[in-house]
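Visitor: Pasting in a structure now, in structure tokens, and then I'll have a few things to ask.
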Amino acid sequence: MRKNHRIILIFLFFIPLIFSIIMFGVSETPVESPTKNEFTFMTYNIHFGQGGDNLLNFERLAQNILVAEPDIIGLQEVENGRMTTQGVDMTFWLAKRLNMYYYYYPAESEHSFGCALLSKYPITFKMGEQIPSISMRRVYIHCVVRINSSLKLDVFVTHLGTSAENLTRQVNFLVEKIEPVFTSSTKPKILMGDFNLRVNWTHPEESTIYPIHSYFNNTGIAVPVDQRARIDHIYASGYQEIVDYYVLRDMLPEVDTPAEFGSDHVPTVATLTFP
């Protein structure tokens, strides 16, 4: 009888490990790349995991992301421990599913929603801060991603307010926080997120988002205007070349249904090379 008890206890002890292997496989720690100089970035507002059909599906989000095979991902509307997502820590779930390092910063309390960074490469510095807002709280995060001993990236992720907010104030606040990093660091820099702002491509100086252009280039300049993202932007500085840029509007070829989309947004993707 005691022997059977012991077998049952051992089995129960290993259930979480078995479940993890079934869900994610036997994953390895992400490794550094000593020679690669081309990297793909994605920004994706994941809408708490609720897709085009208003259903919650984490695996669908992961599949949407994997279509582009990004190296570094900025996420917005990420939840942790809320009823909307059945209490799941979405950043942790996606990081494990995609075999990536991660950092999450909530907009309010720990069990809330916020912004996150996922990376195939180690994150050696991470911080987040609230952005002044009138209604729903907003944040930005700043991480340093170590590609290898000679290449590190300053990566910023944010989600600005809607038209009800003072977006000019939010943009200026963000620039004030980023400016000292340009002064103190020579690393290439990426800024991505849901800005809830459109760029006036003909007269960019007339756009509320224009102060960001003093420090970064919008990677959308690589393609015609009608192919550029509306409000989900990837900005970059210190890169060598924009190899590719697109908005991922088709998750499943030859399939046209809301069920293929893991969010009410679609990802913006840019591939850059660095010196």
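Rundown of residues vs (1) more than 17 Å from the chain's Cα centre (by Cα); (2) touching a residue at least 40 places away in the same chain (Cβ under 8 Å), yes/no style:
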| position | (1), (2) |
| --- | --- |
| Ile65 | no, yes |
| Gln76 | no, yes |
| Val88 | yes, no |
| Phe113 | no, yes |
| Ser119 | no, yes |
| Ile141 | no, no |
| Leu160 | no, no |
| Asn166 | yes, no |
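Visitor: For residues in region 223-249 being part of a strand (DSSP E or B) and of a type in the set (Gly, Ala, Ser), which is farthest from Pro267 (Cα to Cα)?
Guide: Ser237
Visitor: Would region 252-265 turn up any residue that is hydroxyl-bearing (Ser, Thr, Tyr), touching a residue at least 24 places away in the same chain (Cβ under 8 Å), assigned to a loop (DSSP other than H, G, I, E, B) and crowded, with 17+ Cβ neighbours inside 10 Å?
Guide: yes
Visitor: Something else: Residue check: is Val88 of a type in the set (Val, Ile, Thr), farther than 18 Å from Ile178 by Cα and in contact with a helix residue (DSSP H, G or I) (Cβ under 8 Å, 6 or more places away or on another chain)?
Guide: When the stated conditions are applied, Val88 passes them.
Visitor: If a residue has to be touching a residue at least 40 places away in the same chain (Cβ under 8 Å) and surrounded by 17 or more Cβ atoms within 10 Å (Cβ to Cβ) to count, how many in region 125-139 make the cut?
Guide: Summing the residues that are touching a residue at least 40 places away in the same chain (Cβ under 8 Å) and surrounded by 17 or more Cβ atoms within 10 Å (Cβ to Cβ) in region 125-139 gives 1.
Visitor: Name the one entry in Ile72, Ile65 that is at pLDDT 95 or above and under 19 Å from Ala259 (Cβ atoms).
Guide: After ruling out the rest, the residue left standing is Ile65.
Visitor: I'd like to check something: does region 146-163 contain any residue that is over 20 Å from Phe39 (Cα atoms), of a type in the set (Asp, Glu) and at pLDDT 90 or above?
Guide: No, region 146-163 contains no residue that is over 20 Å from Phe39 (Cα atoms), of a type in the set (Asp, Glu) and at pLDDT 90 or above.
Visitor: Select, from Asn200, Asn196, Asn218, the only residue that is under 21 Å from the mean Cα position of the chain (by Cα) and without any contact (Cβ under 8 Å) to a residue 24 or more places away in the chain.
Guide: Result: Asn218 is the single residue among Asn200, Asn196, Asn218 that is under 21 Å from the mean Cα position of the chain (by Cα) and without any contact (Cβ under 8 Å) to a residue 24 or more places away in the chain.
The values are calculated or read from the model by the stated rules, or taken from the named source; none is laboratory data. Computed from a predicted structure; not experimentally measured. Cβ sites come from the backbone with ideal geometry, for glycine too, and all protein chains shown count toward neighbours.
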